[in-house]
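Novice: Dropping a structure here in structure tokens format, bear with me for questions.
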Amino acid sequence: MELTVWSYCLSAAVLVVLFIWISGMVRYIPNDRLGVLEKLWSGSGSIEGGLIAMHGEAGYAPAVLRGGFHFFVPFQYRVHRVPLVTIPQGQIGYVFARDGASLPATQTLASNEKAADFQDTRAFLEAGGQKGPQRKILREGTYAINLAQFIILTRERRYAIKLESGDEAVIEQMGQLIDGRHGFEAVVIKDADDVIGVVTVHDGPSLPDGEIIAPAVGNDARRGELFHNNFQDPEKFLRAAGFRGRQYQVLVDGSYYINRLFATVELVKKTVIEVGTVGVVVSYTGRYGADMSGDAYRHGELVEPGTRGVWNKPLLPGKYAFNTYAGKVITVPTTNFVLKWLKEATGPHRLDENLSEVSLITKDAFEPTLPLSVVVHIDYMKAPLVVQRFGDIKRLVEQTLDPMVSAFFKNIAQTKTLIELLQERSDIQRLSLDEMRAKFAAYNLELQEVLIGTPRAATAGESGQGGGIEQILMQLRNRQVAVEQVETYKLQEVAAVQERTLREKQALAEQQAHITASELSIQVRENEGKAKLAQARQEAETIQVTAAANADRVRVEGQGDADRIRSVGMADADRIRATGLAEAEATTKKVEAYGGPQYQLNSQVLMRFAEAIEHAKLPLVPSIVVGGGKEGSASGSMVESMLAMMLQERAQAPRRVVPAQD
């Protein structure tokens, strides 16, 4: 029975030992992780130098374990499961090597020219890879890296195997250094920001003596064909003899993945030359060029663009990616600008902010101050000459133009009294323009206009002459007032005459309505008379014409009637004559038959009288008889008389005896 218990115990112990043995031989690595193998003991002994066991010694193995089951000798290996290194898009990963060759004193970052594969630790070390921060960076992607050999820093995470208790603090310090330089992100330069990137390289050989900025390097720096691809490839930059320090080449718009431990980037504003100005370049770097100013110019040298010194060709209006650490751009106005010798006024360019009125002493010992304004123009092609000679425009104004202009007007004031200075201002202004124009031309300036203000009295604290000038000005004002009064009286006299004339014209205008009405009435009547006269003349002419026409018509008609009547008369005469002859013959016969002519006449009268009574329907015997004669007188009625006459003639006529016919 006891043997059986001991056998069970022995079997259990064997199983436990076997389980422990098997568990020490087998390790499982997930596919999203990797294993860093640490050898605990080895027959080859320990590592003599470094960290990675390159020859099977005890220590960290250079190779890593990928996903799956792995079998090992029990109790000989320790497997550290670590994550894969992942670099997000648009970010940068920094690599620190724990083992490798030591850096020389002149080198800041480890070279990766030959040892560039961080996923193969053995190849890295055998190629002479250096320990410390690496020049090469990791871009987007996932990497299976031995974290015992390399420390990987990203913005979100630090990838490393803790070897000592202080490792975490050291690694975090390195990460903060990079983060302070915004090194985990690409350098992005936007066109809308109007900036450029000035690069400072922290690795490589130092600049030669006398140089303050590293020249551009590459096979053709002018065309931008640079070996180092805008500092994104440190090895190529150094291989092309690049120097550490601030670089002449700048970064323009775009995105750049630059190792910030190798080079830092400072964003500065682009150089903007506004319209109406030019930029004169003073270069601090480059080769020494030949003087381009000519033999007549002895105030300095002008060199061609790209060389050291003042460039003979200015920058025209526009935007330039100019490295302001490699030179200076002095803005020179090319439009007309005004310099005011006036203490309380300053132009927008502020070149005259230190100018004040010119203090004068006149011929009669007055001390006024004179405000001035001078209009100046600078030829844009002469701007480099001005800068080379004076340094900048403000220095030109304060150290040259101010003393020259002040002295000129002081000299003029000494030849003029205060009154002359006031009254001859326009002449002085014209004279100053003519004489100072040549002086300005000697300084490569064009004087456009000189404007003189009114002289002012100096304050009592300055000269004590303020009261005297005011007294002179008061006398001038009183004199002018008197002159103006005389002119005023003359004008008032003229105005009085004009007023009298105006009054007369106003009175005439008041009666003008009546005068106009009467004149119109006269004109109306005159016009009516003329109209009537014209009408009468027209009627007379009409009558004359009508009468003449009627006379002509009557004459013609009369002539026609006369001819007709003459013809008719002659015909009637012939007819009547014939009839008369016939009647006469018949009458003669009748008369002879009735007893003669007298009897025949009476007979016809009585017949006509009887016809008249018949036609008038009168009674033969009147109903009322009025007698006009006396009884027994011979007078009586006409009928009685006619009857009596007929009877008498009948009685007196001889009686003819007609023979009886058979």
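We did not get these values from a lab; they are worked out from the coordinates using the rules stated. Worth saying up front: this structure is predicted, and the values here are computed from it rather than measured. We place every Cβ from the backbone using ideal geometry, glycine too, and count neighbours over all the protein chains shown.
Novice: What FRET efficiency comes out for the pair Tyr288/Asp191, r = Cβ-Cβ distance, R0 = 35 Å, nearest 0.05?
Specialist: 0.50
Novice: Residues with beta-carbon under 13 Å from that of Ala58, excluding Ala58: net charge, scoring Lys, Arg +1 and Asp, Glu -1?
Specialist: -1
Novice: So, one more: Asp364 to Met174: FRET efficiency via 1/(1 + (r/R0)^6), r the Cβ-Cβ distance, R0 56 Å, to the nearest 0.05? Show your work: numbers first, answer last.
Specialist: Numbers: r = 83 Å, r/R0 = 1.48.
Efficiency for this residue pair is about 0.10.
Novice: Less than 12 Å Cβ to Cβ from Ser406, Lys/Arg counted +1 and Asp/Glu -1: what total charge do the surrounding residues give?
Specialist: -2
Novice: Between Arg155 and Phe72, what FRET efficiency follows from the Cβ-Cβ distance if R0 is 30 Å, with the result rounded to 0.05? Write out the running numbers ahead of the final one.
Specialist: Details: r = 36 Å, r/R0 = 1.21.
Plugging the Cβ-Cβ distance into 1/(1 + (r/R0)^6) gives 0.25.
Novice: Any chance you could run the full-extension gain for Ala578 through Leu163? It's 0.36 nm times the residue separation minus the Cα-Cα distance, nm to one decimal.
Specialist: Computed gain between Ala578 and Leu163 is 130.0 nm.
Novice: Would you mind ranking Leu445, Leu10, Leu431, Leu422 by Cβ crowding within 10 Å, fewest neighbours first? If you can, show how the numbers build up before the last one.
Specialist: On the way: Leu445 21, Leu10 10, Leu431 14, Leu422 17.
Ascending Cβ contact count within 10 Å gives the list Leu10, Leu431, Leu422, Leu445.
Novice: Test of understanding: ordering Trp311, Trp341, Trp41 by Cβ neighbours within 10 Å, fewest first, what list do you get?
Specialist: So the residues, fewest neighbours to most, are Trp41, Trp341, Trp311.
Novice: Hey, how many Å between the Cα centroid of the range 541-572 and the Cα centroid of the range 238-285?
Specialist: Each part's Cα centre sits 134 Å from the other's.
Novice: If you add up the charges near Arg244, with Lys and Arg at +1 and Asp and Glu at -1, over every other residue whose beta carbon is less than 12 angstrom from its beta carbon, what do you get?
Specialist: -1
Novice: How do Leu606, Leu339 line up, fewest other C-beta atoms within 10 Å first?
Specialist: Ascending Cβ contact count within 10 Å gives the list Leu606, Leu339.
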